[in-house]
Amino acid sequence: MPGWIDISLPVRTGMVRWPGDPVIEVNRIATIGLDDSVCNVTAISMCAHTGTHMDAPLHFIAGAASMESLPLDAVMGPARVIEIHHPSKITREELLTHDLQRGERILFKTANSARLWKTDQFLDDFIYITPDAADYLAESCIQTVGIDAYSVGGYHDRMQETHVSLLSAGIWIIEGLALEHVAAGTYELVH
Ligand SMILES: [Zn+2]
């Protein structure tokens, strides 16, 4: 496919959010021609864990690096989209078939992409990375991992362990990718 593909989610009022996170609001606070305004201005209210976003090490490790320390290399350069076939989770066994290389940027396309982003409801049975698969990603020394889910970790399956395994290995995490229309293969990732 020629050209660039947007793999991020639009941010809009009432969009899906993690349970307990604040409601996302996008409000026009000035409109051209109204109350003498010469421009349109929009205010956005949301937490940082909204839509397509990244997890800094600080998200799960007290005192660790925050988002400001993101190296641009983590989100710019060749990236491989791997299509996951397991119906409920990403496992070490399936990853073993993909010959992961040190320093790779890996984006997981799962059945989530065709499902999660079509509703404003939070679906707690999304496909996620098991702690064992996260350990394998850490052992493989990949640089960046992305997933088309609200979280790399499962809502009902040791979510903290998956995060800590990846983040303590120095792997940068992208969550909330929209990969429905992206085929498996190697691309250039631009943040
Ligand atoms: Zn996360």
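Evaluate the following for Leu179: is it part of a loop (DSSP other than H, G, I, E, B), at pLDDT 95 or above and in contact with a helix residue (DSSP H, G or I) (Cβ under 6 Å, 6 or more places away or on another chain)?
Yes: the conditions hold for Leu179.
Residues being assigned to a helix (DSSP H, G or I) and buried (at least 21 other Cβ atoms within 10 Å of the Cβ): count how many of those fall in region 101-111.
Summing the residues that are assigned to a helix (DSSP H, G or I) and buried (at least 21 other Cβ atoms within 10 Å of the Cβ) in region 101-111 gives 0.
If you take the residues of region 44-68 that are outside any loop (DSSP other than H, G, I, E, B) and free of Cβ contacts under 8 Å to residues at least 60 places away in the same chain, which of them is nearest to Ser168 (Cα to Cα)?
Out of the qualifying residues, it is Leu58.
Take the residues in region 146-178 that are of a type in the set (Val, Ile, Thr) and either touching a residue at least 40 places away in the same chain (Cβ under 8 Å) or more than 13 Å from the ligand (Cβ to nearest atom) (or both), then tell me which one is nearest to Ser69 (Cα to Cα).
Among those residues, the one meeting the criterion is Ile173.
Got at least one residue in region 79-99 being surrounded by 12 or more Cβ atoms within 10 Å (Cβ to Cβ) and more than 24 Å from Thr130 (Cα to Cα)?
No: region 79-99 contains no residue that is surrounded by 12 or more Cβ atoms within 10 Å (Cβ to Cβ) and more than 24 Å from Thr130 (Cα to Cα).
Sort out which residues of region 24-39 are part of a loop (DSSP other than H, G, I, E, B), open to solvent by 80 Å² or more (accessible area, probe 1.4 Å) and not hydrophobic (A, V, I, L, M, F, W, C), and write them in order of number.
Result: Asp35, Asp36.
Of the conditions (1) loosely packed, with under 14 Cβ neighbours inside 10 Å; (2) touching a strand residue (DSSP E or B) at 6+ places or on another chain (Cβ under 9 Å), Pro19 fails just one. Which one is it?
(2)
Among the residues in region 112-127, are any assigned to a strand (DSSP E or B) and either open to solvent by 50 Å² or more (accessible area, probe 1.4 Å) or not aromatic (Phe, Trp, Tyr) (or both)?
Taking region 112-127 as the starting set, the residues that turn out to be assigned to a strand (DSSP E or B) are none.
Within region 112-127, none of the residues are assigned to a strand (DSSP E or B) and either open to solvent by 50 Å² or more (accessible area, probe 1.4 Å) or not aromatic (Phe, Trp, Tyr) (or both).
On the given criteria, is Ala48 within 15 Å of the ligand (Cβ to nearest atom) and either exposed (fewer than 10 other Cβ atoms within 10 Å of the Cβ) or modelled with pLDDT under 95 (or both)?
So Ala48 passes the test.
Restricting attention to region 52-62, does a residue exist that is buried (at least 16 other Cβ atoms within 10 Å of the Cβ) and away from the ligand (no atom under 16 Å from the Cβ)?
Scanning region 52-62, I find no residue that is buried (at least 16 other Cβ atoms within 10 Å of the Cβ) and away from the ligand (no atom under 16 Å from the Cβ), so the answer is no.
Looking at region 178-190, can you tell me whether even one residue there is surrounded by fewer than 18 Cβ atoms within 10 Å (Cβ to Cβ) and closer than 15 Å to Ala56 by Cβ?
Scanning region 178-190, I find no residue that is surrounded by fewer than 18 Cβ atoms within 10 Å (Cβ to Cβ) and closer than 15 Å to Ala56 by Cβ, so the answer is no.
The values are calculated or read from the model by the stated rules, or taken from the named source; none is laboratory data. What you are looking at is a predicted structure, and each value in this text was computed from that prediction instead of being measured. A quick note on method: Cβ atoms are made from the backbone with ideal geometry, for glycine too, and the neighbour counts reach across all protein chains shown. Areas reflect the complete protein model, heavy atoms only, side chains present, ligands, DNA and RNA absent. Shrake-Rupley method; radii C 1.70, N 1.55, O 1.52, S 1.80 Å.
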